[in-house]
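**Student:** Pasting a structure below so you can have a look.
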Amino acid sequence: MRPVAAGKTARMYVCGITPYDATHLGHAATYLAFDLVYRQWLDAGHEVHYVQNVTDIDDPLLERAARDQDDWVVLGMRETALFREDMTALRVLPPQQLVGAVESIPEIVEVIDKLLASGAAYRVDDAEYPDVYFDHNATGSFGYESNYDEPTMMEYFAERGGDPGRAGKRHPLDALLWRMAREGEPSWESELGAGRPGWHVECSVIAVNRLGFGFDVQGGGSDLAFPHHEYSAAHAEALAGDHPFARFYVHAGMIGLDGEKMSKSRGNLVFVSKLRAAGVDPGAMRLALFAGHYRANRAWTPALLAEAEARLARWREAVSLPGGPPASETIGRLRDHLADDLDTPNAIAAVDAWVAEARTRRGADVTSPRLIRDAVDALLGIAL
C-alpha cells in the first residue's frame, strides 16, 4: 500500500456519519478498513493527511429528531460524540480534521454559486422553491466512478436519497445542491437564498478545500459508490475543469445480520457501544471484522465473535511467553498481506502460525514476543 501521488504526504478522505443513531458494526467495518490504510502508510514512512466529514444537517437527522421529539442539533452532537467514543475504543486513528456540514456552509455556498455561473448547475422552474440542481452531464464523464448503467443509477438514486421525480428538473438524475427554505426546516441565509445544502456537494467542498484536488483515496461503504461518491466527484470535477477528483475510490463491503445488510432503516443493528457495555473487548471486534476481506459483504454472527475472542486470547498468551520463534518472517508476511489490498484473512493467518508455534514448540528468541506484539499493534491496531 503506497500513496499514488508523488510526495511524502498521503491524502485520504473518508465519508463520515449522519449522526442520528449510534455506531453499528457496519460503520465500524468501514472505518476499520481505512484505519488499516492509514496504518500501512504510516508504517511505510509517509505522513498522512486524513479528513472526514460529519453530515450534521440532512433529512434523516431531521426526521429522527422529529420522530423522537428531540432537538436536531442536540441529537447530532450526542451521536457524534458517541461515534467518536466508539472509534477511540476501537483504536481507530482519528482524522486530522473532522468537519461538519453546518460549519462548511459558507464554503459550500461559494462553490454552488460558481457552478451556477458556469452552467453546471441551474434552478428548477418552481416559483415557490427554486432549488438548485447539478446537471449530471456537466463533466462529460459522469458514471466513471461507479461504472453503473443508467437504469441501475436510476434505481439506486431513488433508493439512496435522490429525488428523480422532482418536478422542474432537466433530468431525473440531476442532484440537489441547495434546498430552499421550507417551513419548519432549519435554513441558512446566503447569496443563494435561505436554505441548506444537498448531501453530495458537502463532501466535494470539504475534501477539496482541505486536501486539494486529485487526492489519493476517497473512501466509504460500498453503498456510497452511487450516488454519493459519483456526484461528489462530478461536482468537484465540474468546478475544477479537471479529472479525477480522487485517484482511488475505495469501498468497504456491507455487514449483514440474519441474512440482510445491517442498516438503520431495517433496524437490524448491532451497536458497538452495546457490545462494549457487555464487556466485549474492542480487539475482538476488530479481529472478527478482519476475518473477512474488507471489500466483501459478510455476516456478523455470535460464532464469529466467539472465534475472534478465542483467537485474541491465544495471541495474548503467546506474546506473554518468555520467548518464541523468530518474528521477522511473520512480520514480513503480515506487511505483505496488508499491502495486497488489505488482505486481513491472510494477515491473521500469518500471526496465527507464529502463535501456534510459540504455544507448542516455544522458541528461544526472547525478542520475538515483543516484536510480534508491537507489529500487531501498529499494523492491525490490536493491543495484545
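The values are calculated or read from the model by the stated rules, or taken from the named source; none is laboratory data. If you're wondering where the values come from, they're calculated on a predicted model, not measured in any experiment. Every residue, glycine among them, receives a Cβ derived from its backbone with ideal geometry; neighbour counts consider all protein chains shown. Note: areas computed on protein heavy atoms with side chains; ligands, DNA, RNA excluded. Shrake-Rupley method; radii C 1.70, N 1.55, O 1.52, S 1.80 Å.
**Student:** Counting only C-alpha contacts under 8 Å and six or more residues apart, can you give the relative contact order of the chain as a whole percent?
**Tutor:** On the way: 633 pairs, mean separation 70.8, N = 384.
Relative contact order, the chain: 18 percent.
**Student:** Mind checking the full-extension length gain between Q97 and D113? Use 0.36 nm per residue of separation minus the Cα-Cα distance, one decimal, nm. All intermediate terms of the calculation are to be shown ahead of the outcome.
**Tutor:** Numbers: separation 16, 0.36 × 16 = 5.76 nm, distance 2.51 nm.
Separation in residues times 0.36 nm, less the Cα-Cα distance, equals 3.3 nm.
**Student:** So what does log10 I(q)/I(0) come out to for region 299-384 at q = 0.13 Å⁻¹, using the Debye formula with one equal point on every Cα and no solvent?
**Tutor:** Each listed q corresponds, in turn, to -0.39.
**Student:** Quick check: pseudo-label points 7 Å beyond the Cα along Cα→Cβ at A299 and D374, how many nm apart are they?
**Tutor:** 4.2 nm
**Student:** On the protein heavy atoms, probe 1.4 angstrom, tell me the percent of accessible surface of region 194-258 carried by carbon and sulfur. Write down the numbers at each step before the final one.
**Tutor:** Numbers: 830 of 1610 Å².
The value for region 194-258 is 51 percent carbon and sulfur by accessible area.
**Student:** May I pose another question? Determine ³J(HN,Hα), in whole Hz, for all residues of region 357-365 in sequence, where each value follows from phi through the Karplus function 6.51 cos²θ - 1.76 cosθ + 1.60 and θ = phi - 60°; x replaces Gly and Pro.
**Tutor:** 5, 5, 7, 9, 9, 6, x, 9, 7
**Student:** Which length gain, in nm to one decimal place, applies between A306 and E159 when the Cα-Cα distance is subtracted from 0.36 nm times their residue separation? Provide the component values of the computation, followed by the final result.
**Tutor:** On the way: separation 147, 0.36 × 147 = 52.92 nm, distance 3.50 nm.
Answer, rounded to one decimal: 49.4 nm.
**Student:** Taking the chain as a Gaussian network, where each spring joins two C-alpha atoms under 10 Å apart, which residue of G168, G198, G259 fluctuates the most?
**Tutor:** It is G259.
**Student:** Please report, in whole Å, how far the alpha carbons of region 239-295 spread along each principal axis, starting with the longest.
**Tutor:** 51, 27, 20
**Student:** What ranking, highest mean first, results for peptides 279-289, 128-138 when packing means the other Cβ atoms within 10 Å averaged over each residue? Display every interim value, and only then the final one.
**Tutor:** Numbers: 279-289: 21.3, 128-138: 19.3.
Highest mean packing first, the order is 279-289, 128-138.
**Student:** Same structure, new question: Among 69-82, 45-58, 199-212, 147-160, how do they line up from the highest to the lowest mean number of other beta-carbon atoms within 10 Å?
**Tutor:** Values: 69-82: 15.7, 45-58: 20.4, 199-212: 24.0, 147-160: 14.1.
In decreasing order of mean packing, 69-82, 45-58, 199-212, 147-160 become 199-212, 45-58, 69-82, 147-160.
**Student:** Also, I was wondering about something else. If packing is taken as the average number of other Cβ atoms within 10 Å across a peptide's residues, how do 335-342, 103-110 rank, most packed first?
**Tutor:** Numbers: 335-342: 16.6, 103-110: 18.2.
The packing order, highest mean first, is 103-110, 335-342.
**Student:** Still on this structure: Could you give the Stokes-Einstein D for region 163-322 in µm² per second, using the C-alpha Kirkwood radius, 20 °C, 1.002 mPa s? Display every interim value, and only then the final one.
**Tutor:** On the way: Rh = 19.4 Å.
D, rounded to a whole number, is 110 µm²/s.
**Student:** Can you tell me the alpha carbon radius of gyration of the chain divided by the globular rule-of-thumb value 2.2 N^0.38 Å? Mind showing how you got there, number by number?
**Tutor:** Details: Rg = 22.6 Å, N = 384, 2.2 N^0.38 = 21.1 Å.
This ratio for the chain stands at 1.07.
**Student:** Per residue, what accessible area does region 112-187 have, given a 1.4 Å probe and all protein chains present, in Å²?
**Tutor:** Roughly 51 Å² per residue, with all protein chains present.
**Student:** List every residue whose amide H lies under 5 Å from the amide H of D131, counting only residues 5 or more places away in sequence or on a different chain, with H placed 1.01 Å from N in the peptide plane.
**Tutor:** V124, M180
**Student:** Right, here's the next one. Using the heavy atoms of the protein chains alone and a 1.4 angstrom probe, what is the accessible area of region 220-315 per residue in square angstrom? Walk me through the intermediate numbers first.
**Tutor:** Numbers: 3820 Å² over 96 residues.
Here the per-residue accessible area is 40 Å².
**Student:** Note the direction-averaged projected area, equal to a quarter of the hull surface, for the Cα convex hull of region 1-111, in nm².
**Tutor:** On the way: hull surface 32.5 nm².
It is 8.1 nm².
**Student:** May I pose another question? A44 to D242: FRET efficiency via 1/(1 + (r/R0)^6), r the Cβ-Cβ distance, R0 25 Å, to the nearest 0.05? Provide the component values of the computation, followed by the final result.
**Tutor:** Numbers: r = 28 Å, r/R0 = 1.10.
Efficiency, rounded to the nearest 0.05: 0.35.
**Student:** Okay, next question. Using Cα springs under 10 Å in a Gaussian network model of the chain, which residue among A167, A33, A238 shows the largest mean-square fluctuation?
**Tutor:** Ranking A167, A33, A238 by mean-square fluctuation puts A167 first.
**Student:** Determine ³J(HN,Hα), in whole Hz, for all residues of region 57-73 in sequence, where each value follows from phi through the Karplus function 6.51 cos²θ - 1.76 cosθ + 1.60 and θ = phi - 60°; x replaces Gly and Pro.
**Tutor:** Couplings: 8, 5, 4, x, 5, 5, 5, 5, 4, 5, 4, 8, 6, 10, 7, 5, 5 Hz.
**Student:** On the accessible surface of region 96-156, probed at 1.4 Å, how many percent belong to carbon and sulfur atoms?
**Tutor:** Values: 1320 of 2990 Å².
The nonpolar share, carbon plus sulfur, comes to 44 percent.
**Student:** Considering only R314, R91, R361, give the residue with the highest GNM mean-square fluctuation for the chain, with springs between Cα atoms whenever their separation is below 10 Å.
**Tutor:** R361
**Student:** Next up: Can you give me the accessible area per residue for region 1-85, using a 1.4 Å probe, in Å²? Spell out each step's value before the answer.
**Tutor:** Numbers: 3300 Å² over 85 residues.
That works out to 39 Å² per residue.
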